[in-house]
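For reference, the structure is listed below as structure tokens.
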Amino acid sequence: MSERIVQTAGRNQLGEFAPMFAHLNDDVLFGEVWNEEAIDVKTKCIITVVSLMASGITDSSLIYHLQNAKNHGVTKEEIASIITHATMYVGWPKGWAVFRLAKEVWNEDVPEITEKDRYQNTICFPIGEANPYGEFFVGQSYLAPVSTEQVPVFNVTFEPGCRNNWHIHHAKNGGGQMLICIGGRGYYQEWGKKAIEMTPGKVINIPAEVKHWHGAA
């Protein structure tokens, strides 16, 4: 369940006053740099927190990036170690200042956002509950009915590495299946053919009687 970083704060706050700055903030910094794949998002969050700490920034921007780090998997133990390590190089007062903010963000009374929660925020349909047909899958999947009238539509969410078994949709007339990728990245493969990568917006039409499988990357 990969996630694309999207930011609108620049346009929301400075769109009319400083449109170029808003563009650079939303489209370049967050739209391009934060989505560059050489470094994972969690690592970028850590680098950003340490950079702001080193600069002595302890305002709302640091609070935002501390929360962003938590949302992307940085634990309380990790942030405590990160701040302690950085303090040795950037100064004791800065360490104290950042710890004060970090303690508020990593308040254990507030449930941490899971990878599943973050993915849910990027798609238009619910993830649903554990797939009752899990015996036909390798790995964890979830099933959510979207429409059961006229044309049945179901949202199936695959955790990373999950896929279903080779299978065939039988039908005497019509039949088959349509796959529409709405989030993350996955693969579809027909028997005897190469796998096809699926990314958001990709549509696969599967005729009846065609042996195939599909799942997450």
Residue list for segment 1-27, restricted to those being outside any helix (DSSP H, G or I) and either among the β-branched types (Val, Ile, Thr) or farther than 15 Å from Gly184 by Cα (or both): Ile5, Val6, Gln7, Thr8, Gly15, Glu16, Phe17, Ala18
Report yes if Gly73 is within 23 Å of Thr122 (Cβ to Cβ), assigned by TED's automatic domain parsing to the domain that holds Val105, under 24 Å from the mean Cα position of the chain (by Cα) and free of Cβ contacts under 8 Å to residues at least 60 places away in the same chain, otherwise no. yes
With the condition kept exactly as written, say whether any residue in segment 123-135 is in contact with an Asp or Glu (Cβ under 6 Å, 6 or more places away or on another chain) and not small (Gly, Ala, Ser). no
Failed item in (1) modelled with pLDDT of 95 or more; (2) exposed (fewer than 13 other Cβ atoms within 10 Å of the Cβ), with Ala216 passing the rest: (2)
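So that you can scan it fast, the table gives a plain yes or no per residue for (1) in contact with a Gly (Cβ under 7 Å, 6 or more places away or on another chain); (2) surrounded by 15 or more Cβ atoms within 10 Å (Cβ to Cβ); (3) modelled with pLDDT of 95 or more:
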position	(1), (2), (3)
Asn107	no, no, no
Val110	no, no, no
Thr114	no, no, no
Thr122	yes, yes, no
Pro126	no, no, no
Val138	no, no, yes
Tyr142	yes, yes, yes
Ser147	no, no, no
Val151	no, no, no
Per-region count, segment 1-33, residues of a type in the set (Phe, Trp, Tyr) and more than 15 Å from His65 (Cα to Cα): 2
Given the conditions (1) closer than 20 Å to Leu62 by Cβ; (2) modelled with pLDDT under 90, every one holds for Ala97 apart from (2)
Check Ile57, Ile46, Ile39 and return the single one that is over 14 Å from Lys103 (Cα atoms), β-branched (Val, Ile, Thr) and loosely packed, with under 15 Cβ neighbours inside 10 Å. Ile39
Heads up, the strands (runs of 3 or more DSSP E) in segment 132-217 (entirely inside) with at least 3 residues that are within 30 Å of Ile5 (Cβ to Cβ) are 141-147, 153-158, 177-180, 186-190, 196-198, 212-216
Considering only residues that are in contact with a helix residue (DSSP H, G or I) (Cβ under 8 Å, 6 or more places away or on another chain) and among the β-branched types (Val, Ile, Thr), look in segment 1-32 and name the one that is nearest to His72 (Cα to Cα). Ile5
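The values are calculated or read from the model by the stated rules, or taken from the named source; none is laboratory data. Source: prediction; values computed, not measured. In this analysis, Cβ positions are derived from the backbone assuming ideal geometry, glycine residues included, and neighbour counts consider all displayed protein chains.
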